[in-house]
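Engineer: This is the structure I have questions about; it appears just below.
The values are calculated or read from the model by the stated rules, or taken from the named source; none is laboratory data. This one's a predicted model, so the numbers in the text were calculated from it and none came from an experiment. Note: ideal-geometry Cβ built from the backbone for every residue, glycine included; neighbour counts use all protein chains shown.
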Amino acid sequence: MLLTDKSAMVTGAGSGIGRAIATSYAREGAAVLVADIDRAGARETVSLIEAAGGRALAFALDVRQPEQHLDAVGEAVKRFGGLHIACNNAGLGGGGASGRYLPLAETALEDWDALIGVNLSGVFYGLRAQIPAMLQAGGGSIVNIASVMAQTARPNLGAYVSSKHGVLGLTRAAAVDYAPQKLRVNAIGPGYIDTPMLARADAGKRAAIAGWHPVGRLGEAQEIAELAVWLASDRASFVTGAYYPVDGGYLAQ
């Protein structure tokens, strides 16, 4: 197993991509702190891990609250003896708090604040809490979940696009700052993935979105998780500051 004797935490792990990453880290031998604002979802992920013979702990985390990140990391260190891996996955969809998709100058302030607060500040707060613990453990690996929108844009997604471009900037900045201390930081850019967030779209919209990808389908959460495992493992020991699209060819067009 690739992550034996490691401890990890995953934000937004109560469903979707985060759940797939948490269960995959556990499959590869890591003890996992499963963090999510949805406590019930986090507990369900823990149940899945334990049923498969893994070790996990649920933690209620609102990524907009810096102190809660410190508490989550502290709990991981206390329960697992340290922190070696983190995945900052929690995110808010492109419509923000209201779910409205509007041109940039018409974006409501509450939608901007919500998307930047969760998608960008939430990652910064995570890094700020995770990095000292990993340095204490002698190094580690952080995986930030960005988006294909970290390198492109679509109409009426200004706040979301800005937040994901920011995640890529944070990833590269942290990678350069801490590479000499054996701490690696990388980002994954999912295309449109078949998760509960996308399941709310009707069949016609889902088919149209699938068609945006040259492979002609939506991605699966497990396809993101497998890359997250590799990046967390020693097999990626010379990889830091990198951005990996997992997008069915979306960015190649």
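Engineer: Those residues that are assigned to a helix (DSSP H, G or I), surrounded by 13 or more Cβ atoms within 10 Å (Cβ to Cβ) and in contact (Cβ under 8 Å) with a residue 60 or more places away in the chain, I need them from region 192-216; list them, please.
Structural biologist: Hit for region 192-216 is M197, nothing else.
Engineer: Residues in region 155-171 that are surrounded by fewer than 17 Cβ atoms within 10 Å (Cβ to Cβ) and either in contact with a strand residue (DSSP E or B) (Cβ under 6 Å, 6 or more places away or on another chain) or in contact (Cβ under 8 Å) with a residue 24 or more places away in the chain (or both): how many?
Structural biologist: Residues in region 155-171 being surrounded by fewer than 17 Cβ atoms within 10 Å (Cβ to Cβ) and either in contact with a strand residue (DSSP E or B) (Cβ under 6 Å, 6 or more places away or on another chain) or in contact (Cβ under 8 Å) with a residue 24 or more places away in the chain (or both): 1 in total.
Engineer: So, one more: Can you list the helices (runs of 4 or more DSSP H) lying wholly within region 1-80 that have 1 or more residues being touching a residue at least 60 places away in the same chain (Cβ under 8 Å)?
Structural biologist: 16-27, 66-80
Engineer: Next question. Considering only residues of region 77-132 that are among the aromatic types (F, W, Y) and within 15 Å of the chain's Cα centre (by Cα), which is farthest from D177 (Cα to Cα)?
Structural biologist: So, considering only residues that are among the aromatic types (F, W, Y) and within 15 Å of the chain's Cα centre (by Cα), the one farthest from D177 (Cα to Cα) is Y125.
Engineer: Residues G219, G189: which one is surrounded by 19 or more Cβ atoms within 10 Å (Cβ to Cβ) and under 23 Å from A114 (Cα atoms)? Before the answer, list the steps.
Structural biologist: Numbers: G219 fails: under 23 Å from A114 (Cα atoms).
Answer to the check: G189.
Engineer: Which number in (1) at positive phi; (2) buried (at least 21 other Cβ atoms within 10 Å of the Cβ); (3) of a type in the set (G, A, S) marks the one condition that G126 misses?
Structural biologist: (1)
Engineer: Among the residues that make up region 180-200, is at least one of them over 13 Å from the mean Cα position of the chain (by Cα), of a type in the set (V, I, T) and more than 30 Å from T240 (Cβ to Cβ)?
Structural biologist: Looking through region 180-200, none of the residues is over 13 Å from the mean Cα position of the chain (by Cα), of a type in the set (V, I, T) and more than 30 Å from T240 (Cβ to Cβ).
Engineer: From the set of residues in region 81-114 that are of a type in the set (D, E, K, R) and in a helix (DSSP H, G or I), which is surrounded by the most Cβ atoms within 10 Å (Cβ to Cβ)?
Structural biologist: Among those that are of a type in the set (D, E, K, R) and in a helix (DSSP H, G or I), it is D111.
Engineer: Further question on the same structure: Go through region 34-63 and count every residue that is under 16 Å from A20 (Cβ atoms) and of a type outside the set (G, A, S). Full working, then the answer.
Structural biologist: Narrowing region 34-63 to residues under 16 Å from A20 (Cβ atoms): 34-36, 38, 41-42, 44-49, 51-52, 54, 56.
Adding the requirement that they be of a type outside the set (G, A, S) leaves 34, 36, 38, 44-46, 48-49.
Within region 34-63, residues that are under 16 Å from A20 (Cβ atoms) and of a type outside the set (G, A, S) number 8.
Engineer: Considering each residue of region 182-219, count those that are touching a Gly at 6+ places or on another chain (Cβ under 6 Å) and either under 19 Å from A129 (Cα atoms) or polar (S, T, N, Q) (or both), and give that number.
Structural biologist: The total comes to 3.
Engineer: Any chance you could count how many residues in region 224-241 are part of a loop (DSSP other than H, G, I, E, B) and out of contact with any helix residue (DSSP H, G or I) (no Cβ under 8 Å at 6 or more places or on another chain)?
Structural biologist: Result for region 224-241: 3.
Engineer: Also, I was wondering about something else. Looking at (1) under 15 Å from G139 (Cα atoms); (2) in contact (Cβ under 8 Å) with a residue 60 or more places away in the chain; (3) small (G, A, S), can you tell me which one A221 breaks?
Structural biologist: It fails just one condition, (1).
Engineer: Listed residues V73, V46, V63; which is within 30 Å of I209 (Cβ to Cβ) and at pLDDT 95 or above?
Structural biologist: Answer to the selection: V63.
Engineer: Those residues that are part of a helix (DSSP H, G or I) and not aliphatic (A, V, I, L, M), I need them from region 115-138; list them, please.
Structural biologist: Selection gives G117, N119, S121, G122, F124, Y125, G126, R128, Q130, P132, Q136.
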